[in-house]
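Below is one structure; the comments refer to it alone.
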Amino acid sequence: MSTRTSGTAPTTGTVGLVSGALALAAVGWVALLTYSSLDVPEGLRIAGSTLLPLGLVGAVGAAILARPGRGRSRTLVGLALAGAAVLGLVLLLVAADA
């Protein structure tokens, strides 16, 4: 009996990479809104900030579902980007509070 390991790996890897990049972009969006005098409508502010939890959940979910194969490395890069987003958000909160 053979198990198929390459069925979802490329797709899952791409989803993980894009999700991690979205989470990191959302932290950049929050930092831009925090440290600039940019007047953005509330709906756009909320939409940009919503990318953070969506990106984190997507990157972690893709890392859980990824099978060993070609897409696994992309998933791990996405997970690292999501980790950098969490670290960036913590640093942003500490810097804004100081």
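Values quoted throughout were computed directly from the atomic coordinates according to the rules given, and no laboratory measurement underlies them. Please read all numbers here as calculations on a predicted model, not as lab measurements. Here the Cβ is made from the backbone with ideal geometry for all residues, glycine too, and neighbour counts use every protein chain on show.
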Under 6 Å between Cβ atoms, which residue pairs at least 6 apart in sequence (or on different chains) link something in the stretch 72-85 that is under 7 Å from G16 (Cα atoms) with a partner that is outside any helix (DSSP H, G or I) and of a type outside the set (S, T, Y)? T75/A66
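State all residues of the stretch 34-63 that are touching a helix residue (DSSP H, G or I) at 6+ places or on another chain (Cβ under 9 Å) and surrounded by fewer than 16 Cβ atoms within 10 Å (Cβ to Cβ); if no residue qualifies, say none.
At the first step, the residues of the stretch 34-63 found to be touching a helix residue (DSSP H, G or I) at 6+ places or on another chain (Cβ under 9 Å) are 34-35, 38, 40, 45, 48-63.
Of everything in the stretch 34-63, those that are touching a helix residue (DSSP H, G or I) at 6+ places or on another chain (Cβ under 9 Å) and surrounded by fewer than 16 Cβ atoms within 10 Å (Cβ to Cβ) turn out to be T34, Y35, L38, V40, R45, S49, T50, P53, L54, V57, G61.
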Would a scan of the stretch 69-86 turn up a residue that is part of a loop (DSSP other than H, G, I, E, B) and either of a type in the set (D, E) or surrounded by fewer than 21 Cβ atoms within 10 Å (Cβ to Cβ) (or both)? yes
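Check whether at least one residue in the stretch 1-21 is out of contact with any Pro (no Cβ under 7 Å at 6 or more places or on another chain), in contact (Cβ under 8 Å) with a residue 12 or more places away in the chain, crowded, with 18+ Cβ neighbours inside 10 Å and outside any helix (DSSP H, G or I), and report yes or no.
Looking only at the stretch 1-21, we keep the residues that are out of contact with any Pro (no Cβ under 7 Å at 6 or more places or on another chain), and these are 1-4, 6-21.
Still in the list and also in contact (Cβ under 8 Å) with a residue 12 or more places away in the chain: 6-21.
Keeping just the survivors that are crowded, with 18+ Cβ neighbours inside 10 Å gives 9, 12-13, 15-17, 19-21.
Then drop every residue that is not outside any helix (DSSP H, G or I), which leaves none.
No; the residues of the stretch 1-21 include none that is out of contact with any Pro (no Cβ under 7 Å at 6 or more places or on another chain), in contact (Cβ under 8 Å) with a residue 12 or more places away in the chain, crowded, with 18+ Cβ neighbours inside 10 Å and outside any helix (DSSP H, G or I).
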Note on the stretch 50-76: residues within 15 Å of A25 (Cβ to Cβ) and touching a Leu at 6+ places or on another chain (Cβ under 8 Å) are L51, L52, L54, G55, G58, A59
